[in-house]
Amino acid sequence: MITYEYPFNERIRTLLRLEDLHERFNFFLHQNHALQHHVALTLVFEMLEVASRSDLKSDLLQELERQKQILAGYREHPNIQKEVLDDVLKEIDQVSAALVNTLGKTGQSIRENEWLMSVRGRTMIPGGACEFDLPSYYAWQHRSTEERYKDIQNWFSPMASLLDAVGLVLRLLRASGVQFKVIAESGSYQQMLQGKVHQMLRIKVEEKSGAIPEASANKYMLWIRFTKQDGDLKPKLLEEDVSCELTLC
């Protein structure tokens, strides 16, 4: 199954982008080649750009507190595993405390590092980080794998608490939804939402079907249209029924 996720608002869109960048960053950081560490560093710059919203930190803290209050209300429910619930509440407290204790603007230490900012400026230009443009960066790339790893990890660390909060908020959001199966007749599906506010839609389709969902929604209606890639990978509308699993979070 392939899972597609569609945010219903700009805040969740930002969190999903940060999560995607963080996953790619972790992959390339734990590789050995200098070119792979170059990609990891450029992803630090991308995360810095996306996380520059001044209200992102407060939004995350508010959402974590909201989730904490909701989960705490389940404590007396007879079917709740209290040990698991307590672990989640403890994790929320720890992640929130780490985020509160992060001083200054997100990634401020990177912005104050002149050398990193010079590298960032050149990487925004196609081919701008060549050895003749940035000889000091070229020299850094010839350091040992362990040295490069420690440097990148150190540069990323001021953003770590924010990315941990992003990951936890999205994990709690995904767990809040109820999954159900539907049939998109002739490749199309509509559902009335009756004014209920959702934050994200998850769509699971079988990989072998080749169906690709395109979704649009507001608080009143959800609409999904399935396409399929043709020979040159250009999407074309599907006219056959598609079985899928939906989760409104």
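None of the figures in this text is laboratory data; all of them are computed from the coordinates on show. Every value quoted in this text rests on a predicted model; they were computed, and no experiment measured them. Counting neighbours? That spans all protein chains shown, and the Cβs are built from the backbone with ideal geometry, glycine included.
Between Phe45, Phe27, Val88, the Cα set farthest toward the positive side of the dipole of the chain (charges on each charged residue's Cβ, about the Cα centre) is that of Val88. Axis of helix 145-175 versus longest Cα principal axis of the chain: the two differ by about 20°, to the nearest ten degrees.
For the chain, what class follows from the C-alpha gyration tensor (a ≥ b ≥ c being the square roots of its eigenvalues): rounded when a/c is under 1.5, otherwise prolate if a/b is larger than b/c, else oblate? Verdict is oblate for the chain. Between helix 114-123 and the chain there is an angle of about 60 degrees, using the helix long axis and the longest principal axis of the Cα atoms. Bridging of Lys228 to aspartates and glutamates at a Cα separation below 17 Å is possible for Glu185, Glu206, Glu207, Glu214, Glu239, Glu240, Asp241, once same-chain residues fewer than 8 apart are set aside. On a 0 to 90° scale, report how tilted helix 34-50 is relative to the longest principal axis of the chain, with both axes built from alpha carbons and the result rounded to the nearest 10. That helix lies at roughly 60 degrees to the long axis. Simple point charges give the picture: +1 on the Cβ of Lys and Arg, -1 on the Cβ of Asp and Glu, and for the chain a dipole about the Cα centre of about 400 debye. Peptide packing for 82-95, 234-247 was compared via the average number of neighbouring C-beta atoms within 10 Å per residue; ordered from the highest value, the list is 234-247, 82-95. Pairs from the table (Lys90/Lys208; Lys90/Lys219; Lys57/Lys181; Lys150/Lys234; Lys181/Lys234) lying more than 31 angstrom apart at Cα are Lys90/Lys208; Lys90/Lys219; Lys57/Lys181; Lys150/Lys234. For the chain, adding -39500 (n - 2.57) for each run of n ≥ 4 DSSP H residues and dividing by the number of residues yields -16500 deg cm²/dmol at 222 nm.
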